[in-house]
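Participant: My structure is below; once you've seen it, I'll send some questions.
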Amino acid sequence: MMLEDELTVSTRERDGVAIIDLVGDVTTFAEEKINAAYREVTNNGARFVLLNFRQNDYINSAGIAILIGIVTEVNRNNQKLAVSGLSQHFQKIFRMVGLAQYAEIYQNEDEALVGLQKG
Amino acid sequence: MSNPLNNSMDLSFPSELGYEVIARDAVSAFARRLGLSAERVEDLKTALSEACINAIEHGNSLRPDLRVFIHCHLEPDRLVIEVIDQGATEFVARDNVLSISEKIAGLGSLRGMGLMLISQLCDESSFVPGPEGNCMRLAFSR
Amino acid sequence: MSDETSQPERPEKVIELRLPSKLGYERVAMDTASSLARRMGFSNDRVDSLKTAISEAVTNAIEHGNQQDAAMKVVVLLTARKDGLVVSVADQGCKPLAQGSTTSSPTIEEAFERDDKGGWGIWLIRELMDEVEFSTAPSGGNQVRMVIHLE
């Protein structure tokens, strides 16, 4: 048995924002779970989507590719995307890659909920 | 999963005190990946550190030009770790490992505490014949 | 652990790690390298950069060089020096890196247009480490040597 399943993904709604909680590692093994969660909130008509990270001490380039895929869909579906809860290191990585231009980075969920619906 | 080499790892490091901490972190990361529980990983960390210190201080007689080798592999129901030194000093097996009360009473040396800890934390620990040097084998059930 | 002044002729101290080519085992390399780097005095921020760089290098070796054949090994060498940490990652290479893949700089805008949105690994390594060098081992495998400097 290998513990490849090190990410828990769940969805909820708060103040008109669809929140996708990502707890754990975001690597190649995360693809189906993240895509399924995004499809679910989109099918439910979400306009605002928040990727809320927790205990994410490992996000790799395969995980970044999955998130770029989400951004592509968000742009196509005219939704608005934000991220929260990232460690300093991964905030830096998100800026380096350019993800921060397409998904505003917030320190926590509360700030993201305010920020997302402002502009 | 059929080939045991597919879930094996080798590690070697200079025989110098301090490196056992890095070996401990490497092997515990490996054990976590193989599904050992958090509690067993803690047991493993202590036992492995003691085995490495024994290899550095005793087997390799604190010679920094020598190395310590660790081989880990997965058997169907347990994780096996071998700690191998280059045998500057041969390990002489004693029949009985002293208990804590015997040690406190001043019997034997406190340095032997490591072996006592190892034997209590592992499901199995033994010295096995190696090509060169001493080889201590530790096993942890999953 | 370093007392090099008393014995200047002492050979370099290398930790060698041989891992199976199976995704997930890069975590072992990350934890080993961060354990060493922390004890060498690197800041948390630099340790995080090192972890990302080594995870990308080992993942590449597993997926690309060794084609996820678990029986093939990825060899990681960690050398603690006074002025920094040298990390070398080698696969048993049946597949050399594509021309240009070690120097390309992807952008997110062109990634939007591609089906495969990846290709960030080597670029991240180059951005995060102080020195990076790609080479082919005599045996034909890919090898990457990266250095992170102690300030």
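Participant: Positive end of the charge dipole of the protein assembly as shown (Lys, Arg +1 and Asp, Glu -1 on Cβ, about the Cα centre): tell me which of B:HIS58, C:GLY41, B:PHE140 has its Cα farthest that way.
Facilitator: C:GLY41
Participant: Now a separate question. What do you get for Rg/Rh over the range C:14-149 if you use C-alpha atoms and the Kirkwood form of Rh?
Facilitator: Using Cα coordinates only, the ratio equals 0.96.
Participant: Something else now. In whole percent, how big is the carbon plus sulfur part of the accessible area of chain C, probe 1.4 Å, protein atoms only?
Facilitator: 46
Participant: A further question follows. What residues does the range B:22-48 have that are buried by at least 50 Å² of accessible area in the full protein assembly compared to the chain on its own, 1.4 angstrom probe?
Facilitator: B:ILE22, B:ARG33
Participant: Let me ask another. If you split all Cα-Cα distances of the protein assembly as shown into 10 Å bins from zero, what percentages do you get per bin, shortest first?
Facilitator: All Cα pairs considered, the percentages come to 4, 20, 27, 23, 14, 7, 3, 0.
Participant: Tell me, what is the per residue accessible area of the protein assembly as shown in Å², probe radius 1.4 Å?
Facilitator: Values: 18720 Å² over 412 residues.
On a per-residue basis, the protein assembly as shown sits at 45 Å².
Participant: A further question on this structure: Would you mind giving the mean number of other chain beta-carbons within 10 Å of the Cβ of each residue in B:72-83, as a whole number? Intermediate results must be reported in sequence, preceding the final value.
Facilitator: Working: counts 1, 1, 2, 0, 0, 0, 0, 0, 0, 0, 0, 0.
For peptide B:72-83, the averaged partner shielding equals 0.
Participant: Between B:ARG63 and C:ASP130, take the C-beta separation as r, use R0 = 35 Å, and let me know the FRET efficiency to the nearest 0.05.
Facilitator: Rounded to the nearest 0.05, the efficiency is 0.60.
Participant: Sticking with this one: Once you charge only the Cβ atoms, +1 for Lys and Arg and -1 for Asp and Glu, what is the size of the charge dipole of the range A:7-116 about its Cα centre, to the nearest 20 debye?
Facilitator: Charge dipole, the range A:7-116, about its Cα centre: 240 debye, nearest 20.
Participant: Want the number for C:HIS149 to C:GLU12: 0.36 nm per residue separation, take away the alpha-carbon distance, what's left? Mind dumping the intermediate values first?
Facilitator: On the way: separation 137, 0.36 × 137 = 49.32 nm, distance 1.64 nm.
Full extension of this stretch gives 47.7 nm more.
Participant: May I pose another question? At a 1.4 Å probe radius, carbon and sulfur cover how many percent of the accessible area of the range A:25-73?
Facilitator: After summing per-atom areas, the C and S share lands at 45 percent.
Participant: Give the C-B buried accessible area in Å², both sides summed, 1.4 Å probe, nearest 100.
Facilitator: Values: alone 8710 and 7930 Å², together 14500 Å².
The buried area between C and B, both sides summed, comes to about 2100 Å².
Participant: Hey, another quick one. List for the range C:88-124: residues with 30 Å² or greater reduction in accessible area, all protein chains versus chain alone, probe 1.4 Å?
Facilitator: Going by heavy-atom accessible area, the residues of the range C:88-124 that drop by at least 30 Å² are C:ILE108, C:GLU109, C:PHE112, C:LYS117, C:TRP120, C:TRP123, C:LEU124.
Participant: Averaged over peptide C:44-57, how many Cβ atoms belonging to another chain are found within 10 Å of each residue's Cβ?
Facilitator: 3
Participant: Also: How would the range A:7-116 be classified by its alpha-carbon gyration tensor: rounded, prolate or oblate, with rounded meaning a/c under 1.5 and the a/b versus b/c comparison settling the rest?
Facilitator: rounded
Participant: How much mean residue ellipticity at 222 nm does chain A get from its helices, if each DSSP H run of length 4 or more adds -39500 (n - 2.57) and you divide by all residues, to the nearest 500 deg cm²/dmol?
Facilitator: It lands at -12000 deg cm²/dmol.
Participant: Comparing the chain by itself with all protein chains present, which residues of the range A:47-63 are at least 20 Å² less accessible (probe 1.4 Å)?
Facilitator: A:ASP57, A:TYR58, A:ASN60, A:SER61
Participant: Quick one: which of B:47-59, C:130-142 comes out on top by average Cβ neighbours within 10 Å, and what's the full order, highest first?
Facilitator: Numbers: B:47-59: 23.5, C:130-142: 14.5.
So the peptides B:47-59, C:130-142, ranked by packing, come out B:47-59, C:130-142.
Participant: Distances longer than 13 Å among the Cα atoms of the range A:45-88: what percent of all pairs is that?
Facilitator: 60
Participant: I've got another one for you. Calculate how many DSSP beta bridges within the protein assembly as shown are antiparallel, expressed in % of all such bridges and rounded to the nearest 5.
Facilitator: 80
Participant: Still on this structure, please answer the following. Where the centroid of each part is defined by its Cα atoms, how far is the range C:81-130 from the range A:28-103 in Å?
Facilitator: Taking the Cα centre of each part, the range C:81-130 and the range A:28-103 sit 21 Å apart.
Participant: Here is a further query. How many Å² of accessible surface get buried when A and C come together, counting both sides, probe radius 1.4 Å, rounded to the nearest 100?
Facilitator: Buried: approximately 2100 Å² between C and A.
Participant: Using +1 on the beta carbon of Lys and Arg, -1 on that of Asp and Glu, and nothing else charged, what's the dipole of the protein assembly as shown about the Cα centre, debye to 20?
Facilitator: 280
Participant: Can you give the convex hull volume of the alpha carbon atoms of the range A:1-67 per residue, in Å³?
Facilitator: It is 83 Å³ per residue.
Participant: While we're looking at this one, here's another question. Which shape class, rounded, prolate or oblate, goes with the range C:108-151 when its Cα gyration tensor gives a ≥ b ≥ c as root eigenvalues, a/c under 1.5 marks rounded, and past that a/b bigger than b/c marks prolate?
Facilitator: On the way: a/c = 5.05, a/b = 1.42, b/c = 3.55.
Oblate, since a/c reaches 1.5 and b/c is not below a/b.
Participant: Of B:ALA23, A:GLY115, B:PHE91, which is farthest on the positive side of the dipole of the protein assembly as shown, counting Cα position, with +1 on Lys and Arg Cβ, -1 on Asp and Glu Cβ, and the Cα centre as origin?
Facilitator: A:GLY115
Participant: From the gyration tensor of the Cα coordinates in the range C:7-78, what semi-axes in whole Å does the equivalent ellipsoid have, largest first, with each one equal to sqrt(5λ)?
Facilitator: For the range C:7-78, the ellipsoid semi-axes come out as 24, 16, 8 Å.
The values are calculated or read from the model by the stated rules, or taken from the named source; none is laboratory data. Not measured: the values here are computed from a predicted model. With ideal geometry, Cβ positions are generated from the backbone for all residues, glycine too; neighbour counts draw on all protein chains shown. The protein model used for the area step is the full one, side chains on, heavy atoms only, and it has no ligands, DNA or RNA in it. Shrake-Rupley method; radii C 1.70, N 1.55, O 1.52, S 1.80 Å.
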